[in-house]
Amino acid sequence: MTRSFLALGECMIEIAPATDGLCRMGYAGDTFNTAWYARRLLGEDWTVAYGTCVGTDAASDGMLGFIAGEGVDTSAIRRVSDRTVGLYTIALKDGERSFSYWRGQSAAKTMADNEAWLEATLTGRDVIHFSGITLAILAPDARQRFCAAVAKARANGAFVSFDTNLRPRLWESEQAMKDGLTLGASVADCVLPSFDEEEALFGDATPEATIERYRKGGATVIAVKNGGGDVTVWSAETGIETTQTLKVTQVDSTAAGDSFGAGFLCALRTGAPPKIAAQQACALAAQVIQHKGAIVRAIFEGEKA
């Protein structure tokens, strides 16, 4: 029986530095990156789909063609006639990246406007993954509709994963960001926070404090990333465990958390216990950050760098 992994969010046109002052165009976005890696980690008994909205213009056509060409199912993508897709540029310094965004007319911001489409998209999924960015681009009332639909899918048997992935500039206020992340986590089985972000926003003193807060919110599995430090994992069955990250030379931190999420979820949902899933996720993320860009084909045999 075929199982289904669905990631929801915003895929964008990516303009990244190449050579000789030129740039290279690609497509990326936090939850799409997770879907891309999940497609390569999961066997043929899984479908991997991406749920979002795009326009009907040439830029949207190009994105749909790219996603389908990467083996990710596009049937969960809705087209909106008066919108297009977002765009961002990357600047790199010492392996860390900074971004500039153009997403005012992004169709993905309308993801929760058609409730019938959203409910149909979520129905019958085995794994549903979304992020803080997925929620941040939505209007406040749309966030509520989105999370209500996800909660319904969870009640009907889907395993829901939420990567907190803070982008403060996307939120209306700090309080809106706190409320949005708390809401997103409340409808998830698995929460994937980063401790430095949780410490800054919620004042958590330790990764264990982050775990306790999300545990009280209803999560059953939590993996707290901590930069190059240990990953602290908790599940209702195993309690708190830690696993070490691999020490490598970082070239580009883009998609470190996104690939971690894919590695963790794919291992977890194919039978690995949480600590082993975290180890596999750390190993994948360590490979990703040794290359430039969000999508690293060189990791996978038979794919071009």
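Just so it is clear, none of the values below were taken in a lab; they were calculated from the coordinates. The model shown is predicted, which means the values in this text are computed figures rather than measured ones. As a convention, Cβ positions derive from the backbone with ideal geometry for all residues, glycine included, and neighbour counts pool all protein chains shown.
Here is how the numbers come out for the structure above:
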{"quantity": "Share, in percent, of DSSP beta bridges within the stretch 160-297 that are antiparallel, nearest 5", "calculated": "60 percent"}
{"quantity": "Distance in nm between pseudo-label sites at residue 93 and residue 253 (7 Å out along the Cβ direction from Cα)", "calculated": "1.3 nm"}
{"quantity": "Ranked list, fewest to most other Cβ atoms within 10 Å of each Cβ, for 251, 80, 288, 231", "calculated": "251, 80, 231, 288"}
{"quantity": "Full-stretch length increase - residue 174, residue 18 - with 0.36 nm per residue and alpha-carbon distance subtracted", "calculated": "52.6 nm"}
{"quantity": "Cα shape, the chain, gyration tensor, a/c 1.5 rule", "calculated": "rounded"}
